[in-house]
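Chemist: One structure, pasted below without further comment.
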Amino acid sequence: MVYVEAFARQKRFVLHSFSEAEKEGFLIRDFPIQGRSQGSDLYSYFYKNLSYMSTLKGKVAYITGGSKGIGLAIAQSMLKEGMSVAISARSEEALRNAEQQLNAPERVMTIVSDVTRPQDELNAVAKIMERWGQLDVLIANAGVGHFAAVDQLSLEQWNQMIDTNLSGVFHSLRASLDSLKKSKGYFISIASLAGTNFFASGSGYNATKFGLVGFTQAAMLDLRQYDVKVSTIMPGSVATYFNNNEPSSKDAWKIQPEDIGQMVIDLLMMPQRTLPSKIEVRPSRPDLK
Ligand SMILES: NC(=O)c1ccc[n+]([C@@H]2O[C@H](COP(=O)([O-])OP(=O)(O)OC[C@H]3O[C@@H](n4cnc5c(N)ncnc54)[C@H](OP(=O)(O)O)[C@@H]3O)[C@@H](O)[C@H]2O)c1
């Protein structure tokens, strides 16, 4: 074994060997130095080559709104990387369909949970901890949209968007915080370009997504003190079931849900030292009408 002394500053411990480093999930790529080495060269080489989660195998994620669309695609991407994934939604039937599609019973868990209910989210995380004993990644994805001019928007529509897209994310994060601090994990919210660009008939949805971007960025400043990474992804049009859409060939110009899945994996694999905290993502070419 080649002994190294490398100070993984952000993880606040000292690593003494490659095997110890690997146990902690660090990847040392093509380490060229043989034998005992010391000093800052070794440190800087090691540190430069740290990957945040160099292998995702065995990590556990919780994805709210994971029965369809973006959430389901993120689950698929994570499973390919060897992760275990809990997905939640309100409809049990949709969860059963998703479970079949994911086709990995030993690494998939479905949970009926409504993010608007704080106790549902506490129960969901308790179930994950009971089964897998850890939670490394929370994807707060569940969301709804109602689009109407402000004088047409009903109180019910307003409340549902605020309760789901904004308060719901707080409920999910609050339920996950202890576990994420323990795992030095990652919290990602799925906001929207509607969280930075306002548009007619978007007052309620804009309010929730602007709020969510602010919430997530402030949470990032708080949680990085605990080595918990936080990002918000702000997609433009994605080919999903959102707002009663039925995905089809007419959606080919849109971002495909698996592209957001890939983006999440890229974020998880980003070197520990770097945090893309707010990511805008849009179709390369808008729909040609
Ligand atoms: N599609 C787009 O163009 C687009 C663009 C930017 C951002 N987004 C955001 O992306 C996120 C995912 O949307 P999507 O496009 O994938 O839509 P989708 O295909 O309609 O999927 C939405 C998911 O959220 C779940 N959900 C809704 N309300 C819930 C609640 N109260 N508790 C738990 N789960 C709930 C749904 O299941 P149940 O109905 O069974 O609960 C479903 O699994 C949303 O936050 C949306 O605002 C979408």
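We did not get these values from a lab; they are worked out from the coordinates using the rules stated. Bear in mind that the values here come from a model prediction, so they are computed numbers and not experimental data. Neighbour counts run over all protein chains shown; Cβ positions are idealised from the backbone, glycine included.
Chemist: Can you check what the net charge comes to around LYS127, using other residues whose Cβ is under 12 Å from the Cβ of LYS127 (Lys, Arg +1; Asp, Glu -1)?
Modeler: -2
Chemist: Taking the Cα centre as origin and putting +1 on Lys and Arg beta-carbons and -1 on Asp and Glu beta-carbons, what dipole magnitude results for the range 60-288, to the nearest 20 debye?
Modeler: It works out to roughly 540 debye.
Chemist: I need the peptides 166-173, 64-71, 257-264 ranked by packing, meaning the mean over residues of other C-beta atoms within 10 angstrom, with the highest value on top.
Modeler: With the highest mean Cβ count within 10 Å placed first, the list reads 64-71, 166-173, 257-264.
Chemist: When the scattering of the range 191-289 is computed by the Debye formula from its Cα atoms alone, each counted once and equally, what is log10 I(q)/I(0) at q = 0.24 Å⁻¹?
Modeler: -1.32
Chemist: Once you sort the root eigenvalues of the Cα gyration tensor of the range 60-288 as a ≥ b ≥ c, which label holds: rounded (a/c under 1.5), prolate (a/b larger than b/c) or oblate (the other case)?
Modeler: Taking the square roots of the gyration eigenvalues as a ≥ b ≥ c, the range 60-288 is rounded.
Chemist: Further, regarding this structure: Students often get this wrong, so check it: of LYS80/LYS209; LYS209/LYS254; LYS57/LYS209; LYS57/LYS229; LYS127/LYS254; LYS80/LYS229, which have C-alpha atoms separated by over 25 Å?
Modeler: Where the Cα-Cα span goes over 25 Å, the pairs concerned are LYS80/LYS209; LYS57/LYS209; LYS127/LYS254.
Chemist: How far is the Cα center of the range 188-226 from the Cα center of the range 121-175, in Å?
Modeler: A separation of 13 Å, based on Cα centres.
Chemist: Over the range 60-288, what relative contact order in percent results from Cα pairs under 8 Å that are six or more residues apart?
Modeler: 20 percent
Chemist: What is the log10 of I(q)/I(0) for the range 90-212, computed with the Debye formula using one identical point scatterer on each Cα and no solvent, at q = 0.13, 0.14, 0.16, 0.18 Å⁻¹?
Modeler: The Debye formula, applied to the Cα set alone, gives -0.60, -0.68, -0.85, -1.00.
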